[in-house]
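Chemist: First the structure, then my questions, so here it is.
The values are calculated or read from the model by the stated rules, or taken from the named source; none is laboratory data. Model, not experiment: these values are computed from the prediction. As a convention, Cβ positions derive from the backbone with ideal geometry for all residues, glycine included, and neighbour counts pool all protein chains shown. Areas reflect the complete protein model, heavy atoms only, side chains present, ligands, DNA and RNA absent. Shrake-Rupley method; radii C 1.70, N 1.55, O 1.52, S 1.80 Å.
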Amino acid sequence: MKKLQALLRHDAIGGILIITATILALICQNTILTDFYNELLRTESGFVIGEYKVIKPILLWVNDGLMAVFFFAIGLEIKKEIMIGELSTPSKVALPVIGGIGGVVVPSLIFVAFTFSDPFLVKGWAIPTVSDTAFALGILLLLGSRVPPSLRLFLLLLAIIDDICAVVIIAIFYTGELSNFALYMAGVAFVIMAVLNILKVNKPLFYFAAGAFMWVAFLESGVHSTIAGIVASLFIPLKPIKGYRMLIGIEHSLKGVITYFIMPVFAFVNAGIALNSQAFLGLLHPVSLGIIFGLLIGKPVGIFIFSYAAIKLKLSNLPTGSNFKQFLGLGFLTGIGASMSLFIDSIAYEDSDLFVYADKLAILIASFLAAFIGWFILRNATVKLK
């Protein structure tokens with residue numbers, strides 16, 4: 001329980017930092033700092049090796065590079081939970097898996113219902129299917145003992161299922177024109193990491209070097225480069241090698257980097273929305289409406305309905321000490337898309353300015369409303385537990 005509480009506190013800090021970074025980005029974009037902010041995001045940098053070079057603006061280095069590290073950390077967590085954690089227990093897996101599926105299916109259908117007439121608009125169908133667990137956990141902490149620990153654990157398990165769905169969605173539906181040579185190079189990196197694992201090499205540097213090579217290959221392949229992070233994580237040894245548990249060690253080292261640097265930086269470079277009349281008028285656009293209704297209605301309703309059906313069909317049980325009203329409140333907290341929805345948005349529409357920031361504004365508005373509604377329901381769902 002102490003480890004769980006420590007994890008919750010850690011993630012809550014992450015939520016606070018993301019909010020702070022988002023506010024700073026909004027200030028920069030809507031004050032005299034706007035030119036400085038946009039020039040900063042367009043500043044190009046990279047590396048050159050012989051005739052090969054990778055030169056990208058800072059915005060893409062964050063979205064393609066830092067987010068690959070973020071997904072690498074997610075991959076480590078998923079592997080650990082499946083092998084030795086909560087997801088290795090079938091009885092505990094059923095509810096978050098079924099609820100997680102509902103949290104993807106229903107919001108995506110709502111989005112498609114608003115945008116089906118235009119193939120380009122439909123590309124954003126996955127935007128309302130992802131959640132920001134850091135925000136949700138932060139709100140649960142504010143509620144203290146009013147929320148039973150079992151409900152917090154369910155949210156953590158649901159987050160892992162949500163991450164798995166996000167990875168699958170990006171890999172399958174947001175892959176561009178493929179380069180066979182780059183894919184062959186990715187395959188070479190794949191084999192190298194497999195050999196390192198088989199030989200039980202316990203030096204992280206070798207895995208990082210192979211992983212970096214894999215990232216470059218994915219970057220050039222047409223498959224989104226963040227998938228390299230997930231693939232690389234699969235080869236990090238979980239069992240101790242000469243007394244060193246590499247996966248646990250790397251995961252622990254990355255947690256602070258993710259919380260205090262990568263996610264706040266991501267929020268800062270992606271949440272700089274111009275709060276002008278065009279953006280607010282654009283909230284009536286089908287994409288904006290699909291995002292708002294998908295996150296605010298589809299996500300919580302999907303999770304609640306699918307989970308309710310699983311419980312009534314006796315496929316699983318309601319988390320110990322909780323009730324259905326609390327469960328609904330928790331469902332609304334999963335409608336907080338924020339940084340992850342912004343990430344999918346940037347992939348789906350390739351940072352197009354077609355919607356004049358209305359799509360990103362819709363994400364922030366829906367996330368704020370989902371957070372407030374979830375907090376209000378949970379606040380009034382039960383008396384404080386003793």
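Chemist: Confirm whether Lys314 is under 21 Å from Ile161 (Cα atoms), surrounded by fewer than 22 Cβ atoms within 10 Å (Cβ to Cβ) and among the basic types (Lys, Arg).
Modeler: Judged against the criteria, Lys314 is a match.
Chemist: Considering only residues that are outside any helix (DSSP H, G or I) and open to solvent by 10 Å² or more (accessible area, probe 1.4 Å), which ones fall in region 102-131? Show your work before the answer.
Modeler: To start, the set of residues in region 102-131 that are outside any helix (DSSP H, G or I) comprises 116-118, 123-126, 130-131.
Residues satisfying the conditions are Phe116, Ser117, Asp118, Lys123, Trp125, Ser131.
Chemist: Which pairs turn up if I take residues in region 162-182 that are touching a residue at least 12 places away in the same chain (Cβ under 8 Å) and closer than 29 Å to Gly302 by Cβ and look for partners that are open to solvent by 50 Å² or more (accessible area, probe 1.4 Å) and in a helix (DSSP H, G or I) with beta carbon separation below 8 Å, at least 6 apart in sequence or on another chain?
Modeler: Close Cβ pairs satisfying both conditions: Asp163/Glu77; Cys165/Ile101.
Chemist: Right, here's the next one. Just to be sure before I move on: is Ile170 out of contact with any helix residue (DSSP H, G or I) (no Cβ under 6 Å at 6 or more places or on another chain), β-branched (Val, Ile, Thr) and over 24 Å from Lys360 (Cβ atoms) in the structure I sent?
Modeler: When the stated conditions are applied, Ile170 does not pass them.
Chemist: Could you pull out the residue among Leu364, Leu330, Leu369 that is surrounded by fewer than 23 Cβ atoms within 10 Å (Cβ to Cβ) and either over 17 Å from the mean Cα position of the chain (by Cα) or at positive phi (or both)?
Modeler: Residue meeting the stated conditions: Leu369.
Chemist: Moving on to the next point. State whether one or more residues within region 27-42 are in contact with a strand residue (DSSP E or B) (Cβ under 9 Å, 6 or more places away or on another chain), in contact (Cβ under 8 Å) with a residue 40 or more places away in the chain and either farther than 25 Å from Ile172 by Cβ or of a type outside the set (A, V, I, L, M, F, W, C) (or both).
Modeler: yes
Chemist: Name the single residue, out of those in region 43-67 being without any contact (Cβ under 8 Å) to a residue 40 or more places away in the chain and open to solvent by less than 50 Å² (accessible area, probe 1.4 Å), that is nearest to Ala338 (Cα to Cα).
Modeler: Pro57
Chemist: Against the condition assigned to a loop (DSSP other than H, G, I, E, B) and either in contact with a helix residue (DSSP H, G or I) (Cβ under 6 Å, 6 or more places away or on another chain) or crowded, with 18+ Cβ neighbours inside 10 Å (or both), how does Leu342 come out, does it pass?
Modeler: So Leu342 fails the test.
Chemist: Would you check if there is a residue in region 248-262 being under 30 Å from Ile110 (Cα atoms) and touching a residue at least 24 places away in the same chain (Cβ under 8 Å)?
Modeler: Scanning region 248-262, I find no residue that is under 30 Å from Ile110 (Cα atoms) and touching a residue at least 24 places away in the same chain (Cβ under 8 Å), so the answer is no.
Chemist: Can you pull out the residues in region 203-213 that are surrounded by 13 or more Cβ atoms within 10 Å (Cβ to Cβ) and either within 28 Å of Trp125 (Cβ to Cβ) or out of contact with any Gly (no Cβ under 9 Å at 6 or more places or on another chain) (or both)?
Modeler: Phe206, Tyr207, Phe208, Ala209, Ala210, Ala212, Phe213
Chemist: A further question follows. State the number of residues belonging to region 269-307 that are over 22 Å from Val104 (Cβ atoms), touching a residue at least 12 places away in the same chain (Cβ under 8 Å), assigned to a helix (DSSP H, G or I) and open to solvent by 50 Å² or more (accessible area, probe 1.4 Å).
Modeler: Summing the residues that are over 22 Å from Val104 (Cβ atoms), touching a residue at least 12 places away in the same chain (Cβ under 8 Å), assigned to a helix (DSSP H, G or I) and open to solvent by 50 Å² or more (accessible area, probe 1.4 Å) in region 269-307 gives 3.
Chemist: While we're looking at this one, here's another question. Under 19 Å from Ile13 (Cα atoms), open to solvent by less than 10 Å² (accessible area, probe 1.4 Å) and assigned to a helix (DSSP H, G or I): which single residue out of Leu151, Leu155, Leu95 fits that description?
Modeler: Of the residues listed, the single one that is under 19 Å from Ile13 (Cα atoms), open to solvent by less than 10 Å² (accessible area, probe 1.4 Å) and assigned to a helix (DSSP H, G or I) is Leu155.
Chemist: Ile336: aliphatic (A, V, I, L, M), touching an Asp or Glu at 6+ places or on another chain (Cβ under 7 Å) and either at pLDDT 90 or above or in a loop (DSSP other than H, G, I, E, B) (or both), yes or no?
Modeler: Taking the combined requirement at face value, the residue satisfies it.
Chemist: With the checklist (1) modelled with pLDDT under 85; (2) within 17 Å of Ile363 (Cα to Cα); (3) open to solvent by 10 Å² or more (accessible area, probe 1.4 Å) in hand, flag the one item Ala136 doesn't pass.
Modeler: All conditions pass for Ala136, except number (3).
Chemist: Please determine, by comparing only the residues of region 158-196 that are part of a loop (DSSP other than H, G, I, E, B) and open to solvent by 50 Å² or more (accessible area, probe 1.4 Å), which one is nearest to Ile127 (Cα to Cα).
Modeler: Start the filter on region 158-196 by keeping residues that are part of a loop (DSSP other than H, G, I, E, B), which leaves 174-179.
Filter once more, so that each one left must be open to solvent by 50 Å² or more (accessible area, probe 1.4 Å): 177-178.
On the way: Glu177: 21, Leu178: 23 Å.
Residue satisfying both the conditions and the ranking: Glu177.
Chemist: So which of Ile241, Ile236, Ile198, Ile250 ends up being over 19 Å from Phe70 (Cα atoms), at pLDDT 90 or above and of a type outside the set (Gly, Ala, Ser)?
Modeler: Ile198
Chemist: Follow-up. Across region 11-35, which residue is nearest to Lys255 (Cα to Cα) among those that are modelled with pLDDT under 85 and of a type in the set (Gly, Ala, Ser)?
Modeler: Step by step, filter region 11-35, then rank; the result is Gly14.
Chemist: Which ones in region 20-39 are open to solvent by 60 Å² or more (accessible area, probe 1.4 Å) and either over 18 Å from Ala279 (Cα atoms) or part of a helix (DSSP H, G or I) (or both)?
Modeler: Initially, region 20-39 is screened for residues open to solvent by 60 Å² or more (accessible area, probe 1.4 Å), giving 20, 23-24, 27, 30, 32-33, 35-36, 39.
Those that are open to solvent by 60 Å² or more (accessible area, probe 1.4 Å) and either over 18 Å from Ala279 (Cα atoms) or part of a helix (DSSP H, G or I) (or both): Thr20, Ile23, Leu24, Ile27, Ile32, Leu33, Asp35, Phe36, Glu39.
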